[in-house]
Amino acid sequence: MMIVNYIASFVLIALGLYTVCTKKNLIKIVLGMGLIDYGVNLLIVSFGFNEGGTAPIYQLSDLLNGVASGYFVDPVPQALTLTSIVIGACVEAMALSLVIMIYRKYRSVNADEVRRLRG
Amino acid sequence: MNIQNFPVLAVMLLFLSAFLVEIFGSKIAAIRNFITIVAVTVSAALIFALIPAVLIKGEVISYWMGNWEPVAGYAIGIGYEVDALSLFFALLVVCTFWLSAVYSISYMKDDHHLGHYYTLFLMLSGSVLGLVLTGDIFNMFVMIEIMTFASVALTAFRNGTEGALEGAFKYLVIGSIGSSLNLAGIALLYAECHTLNMAQLSAILSGGLSPTTVMAFALIVAGFGVKSYMVPFHTPAADSYAVAPTAASMVFSGMVNKAGVYGMIRMVYIVFRAMDASALQMLLVIFGTLTMFVGVTMALAQHEFKRLLAYHSISQIGYVIMAVGLGSTLGLTGGLFHAMNHTLFKGLLFLTAGAVLKQAGTTNLDALGGLSKRMPRTTLYFLAGAAAISGIPPFNGFASKWIIYQAAYTKAVESGNFLYVIVTVAGLIVSVMTLASFIKVTQAVFFGQLREEHAHVQEPPFLMRLPMFLMALLCSAAGLFYPLVNRYLLHPAVDATVNVTNYIDKMMGDGYAAAAGVTNIPVQEVQFSFWDPLLWLVLFVVVFVAAAVVIMAGKGSRGRVLEEGAVADPKYATFFSGEQELYSQVGGSDLFWGFKKNWKAYYRVMDKLHSGIVTDYTNMAVIAVGVIVIVMFIFLI
């Protein structure tokens, strides 16, 4: 049932936004950004999936002549998800390394204390 | 050589040299500079070579990666597609990056780990160029992500400076929320239309929007809103432009936020073709007006040169979004023209700020003064930029702002909606406040009394002056030769934005657009009524005489080293009346404290909103996204 996936992905996105908006710990904020990403990734793969579908390995002529029957799983969303996972991992890594350096400089990871730029 | 390959070559060259710089140039400065300059020069040449075909003959240039052309009416491969709108922005991109690269050589030479700097710089340039040239919406997302990474890393590059890490972190959090929104929108769009090619999407979506595509549209508009840093997504922009190395700030303010604007124009006009909806027009106009107003009022309260420029940058983007949101040809012309002008004059202003920072060692407005004596050329360039951004003729800012006011007022007359009258007036007031704010900067940095510690400040080196000179030249040229700019740059771009048949047919095969029911409406070239040469000449003489009088009058005190114990408190120094101070400097950064005092309630709210706490910023962003989604759902279905 795809509907479960859709609901799960929107729940993940909502939880991620909730974390980013309410948690004061910078590491938790980074994790929240990750949750948003995972939710979107789940959404994309779910769009491409067809229940009972096969691997998408055909010649175009097979499809046009009706040799290949039934559906196959759309490969494009999977490619998109892979790209997006890689990008997401980079965002996490970069954000965490910034948090480490912020901790060294400010001696805190509390968002209320990391606020020298304001106004 | 085949002209079709040029766009891809230009993008690939920049990415390739990013790696080459890291491999060969991390130790030796000459190799590093050579690779960077060659890369940006050649990619600029490749983009300029497209001008005759695209802007003059009106062709569209397309390239399919790996020759994956559309099969059975579906675009599977990744395509690059350059129409006049793309090329208009691509020209701005290559010019900005070329000037910034030249400036970087002198400006950055005392920093360490410069190999990393140029790698990030070239990655940034490649991604922004790729973003404006691509014809594939997912490729666009990837480019946005590379752009965000490179910008964040560049913001944190001088990580010893106060606030650099913090600014970078905030930029990354807000930026990645924007990217996620974009990706979610793209996913929904793919689920509904089964294609990622923007030309095909445009053809499919011209049939009308379903609830899924409206949701996708709302998410994508919000995503590009984040990338163009309109209010209330603007907070990380102010932080990062202020703390990044100035050559990078110039690129952020000149091109990175303009990439968001490009995405917005591409989406609302071409992919979704929804600019006829008055609700969408009103949404963009209200956000734009809010952006220009909040930006300029925040700028008035700043005490730091670069942060002040950053808020002005936000404010000018507000003009562009407002003009684009009007949905008329006139508005679009004004918006594109202002986007171009903003790249020129804001780049120039950031470069002068960089020169001040490099030579005088600070950008704190309270600690500067009288630099015109020591840096006359920089002062001249700064004045050109300040006049341009404040909309003083004959500079380019005047021409584009004038068109924007005209467009907003025409809209008010046509639609009979009082909102647009308010918007026009707001635009004028914001322009006046911009001028006020730049008078303050001029006074605080370049005029007034020279401080003792700055008595031996020198002009910046030639390689830093050259980009400033070229930009000042372009600022005046764009203002003086507006008809030519309009004919060869703006009109083709506007035409390509409104009439997308060519764009679709070039990618998907002839007749595809007609089959989807997309037709062309011929666009008239915008006529300009304001440009009377005689009036301009009179004005020029008046301005010249006034400037001469001001300079003569100030000649005695200008550049004099400040006397011992002269300034105690700038607030009283400004309005001394029979007090003990007979001779004192006007406190530049507090020039408008009376204004600030009258608006105390407003500034109290603004201080609370710009608290510096990252969760407050994310809250504002999420609420704004919610508003955009709800408004679109109510009015567009």
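Just so you know, all these numbers are worked out from the coordinates, no wet-lab data involved. What you are looking at is a predicted structure, and each value in this text was computed from that prediction instead of being measured. Methodologically, a virtual Cβ is constructed for each residue, glycine included, from the backbone with ideal geometry; neighbour enumeration extends over all protein chains shown.
When B:ASP510, B:ASP239, A:ASP112 are ordered from fewest to most other Cβ atoms inside 10 Å of their Cβ, what list results? Numbers along the way, then the final one.
Numbers: B:ASP510 10, B:ASP239 28, A:ASP112 13.
Going from sparsest to densest Cβ surroundings: B:ASP510, A:ASP112, B:ASP239.
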Note: the protein assembly as shown, point scatterers on Cα, Debye, no solvent; log10 I/I(0) at q = 0.05, 0.08, 0.10, 0.11 Å⁻¹ equals -0.24, -0.63, -1.00, -1.22
dims of chain B, Cα set, principal axes, largest to smallest, nearest Å -> 84, 62, 53
Applied in sequence order to region B:219-228, the curve 6.51 cos²θ - 1.76 cosθ + 1.60 (Karplus, θ = phi - 60°) yields integer Hz couplings, x standing for Gly and Pro, of 5, 5, 4, 5, x, 6, x, 4, 6, 8
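Using only atoms on other chains, find how many Cβ atoms lie within 10 Å of each Cβ of peptide B:164-171 and report the average.
On the way: counts 4, 12, 11, 2, 5, 11, 5, 1.
Mean partner-chain Cβ count within 10 Å for B:164-171: 6.
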Note: B:189-198 gets an average of partner chain Cβ contacts (10 Å, Cβ to Cβ) equal to 2
Contact order relative to length for region B:297-408, counting C-alpha pairs under 8 Å separated by 6 or more residues, stands in percent at 31 percent
Between A:CYS90 and B:SER278, the FRET efficiency computed from the C-beta separation at R0 = 45 Å comes out, to the nearest 0.05, as 0.65
In Å³ per residue, the alpha-carbon convex hull of chain A encloses 124 Å³
Assertion target for B:VAL538, A:VAL45, ordered by fewest C-beta neighbours within 10 angstrom first, is B:VAL538, A:VAL45
For A:ILE27, placing the label point 7 angstrom along Cα-to-beta-carbon and taking region B:173-204, residues whose amide nitrogen sits under 19 Å are B:173
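Across the residues of B:146-156, average count of Cβ atoms on other protein chains within 10 Å?
Working: counts 2, 0, 3, 4, 0, 0, 4, 3, 0, 1, 5.
Partner-chain Cβ atoms within 10 Å, mean over residues of B:146-156: 2.
Ranking B:THR41, B:THR501, B:THR155 by Cβ neighbours within 10 Å, fewest first, what do you get?
Working: B:THR41 14, B:THR501 19, B:THR155 32.
Neighbour counts put them in this order, fewest first: B:THR41, B:THR501, B:THR155.
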Burial-style ranking of B:326-337, B:435-446, B:67-78, A:98-109, average other-beta-carbon count within 10 Å with highest first, yields B:326-337, B:435-446, A:98-109, B:67-78
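Would you please put A:20-30, B:179-189, B:379-389 in order of how densely packed they are, using the mean number of other Cβ atoms within 10 angstrom per residue and starting with the highest? Mind showing how you got there, number by number?
Working: A:20-30: 19.3, B:179-189: 26.1, B:379-389: 24.5.
My ranking of the peptides, most packed first, is B:179-189, B:379-389, A:20-30.
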Between the modelled labels at B:VAL627 and B:ALA546 (7 Å from Cα along Cα→Cβ) the distance in nm is 3.6 nm
One would report the Cα pair-distance distribution of region B:260-381, bin width 10 Å, in %, as 13, 36, 26, 16, 8, 1
At the level of C-alpha centres, the distance separating region A:1-46 and region B:454-471, in angstrom, is 49 Å
Filtered hits (aspartates and glutamates, Cα-Cα < 19 Å from B:LYS358, offset >= 8 within chain) -> B:ASP110, B:ASP111, B:GLU162, B:GLU304, B:ASP366, B:GLU452, B:GLU453, B:GLU459
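For B:MET12 and B:LEU609, what is the calculated FRET efficiency with R₀ set at 35 Å and r taken between the beta-carbons, to the nearest 0.05? Working shown, then result.
Values: r = 42 Å, r/R0 = 1.21.
Taking R0 as 35 Å, the efficiency between B:MET12 and B:LEU609 is 0.25.
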For region B:337-423, the percent of all C-alpha pairs falling in each 5 Å bin, from 0 up to the bin holding the max distance, is 3, 14, 18, 16, 13, 12, 8, 6, 5, 3, 1
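For the pairs B:LYS401/B:LYS608; B:LYS227/B:LYS401; B:LYS27/B:LYS227; B:LYS346/B:LYS596; B:LYS57/B:LYS227; A:LYS105/B:LYS170, flag any whose C-alpha to C-alpha distance is greater than 27 Å. Walk me through the numbers on the way to the answer.
On the way: B:LYS401/B:LYS608 31 Å; B:LYS227/B:LYS401 23 Å; B:LYS27/B:LYS227 34 Å; B:LYS346/B:LYS596 25 Å; B:LYS57/B:LYS227 32 Å; A:LYS105/B:LYS170 16 Å.
Listed pairs above 27 Å: B:LYS401/B:LYS608; B:LYS27/B:LYS227; B:LYS57/B:LYS227.
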The ³J(HN,Hα) series, computed from each phi in region A:78-91 with the Karplus coefficients 6.51, -1.76 and 1.60 at θ = phi - 60°, rounded to the nearest Hz and given as x for glycine or proline, is 5, 4, 4, 4, 4, 4, 5, 5, 4, 4, x, 4, 5, 4
Beyond 26 Å, the calculated P(r) of region B:1-150 holds a percent of Cα-Cα pairs equal to 27 percent
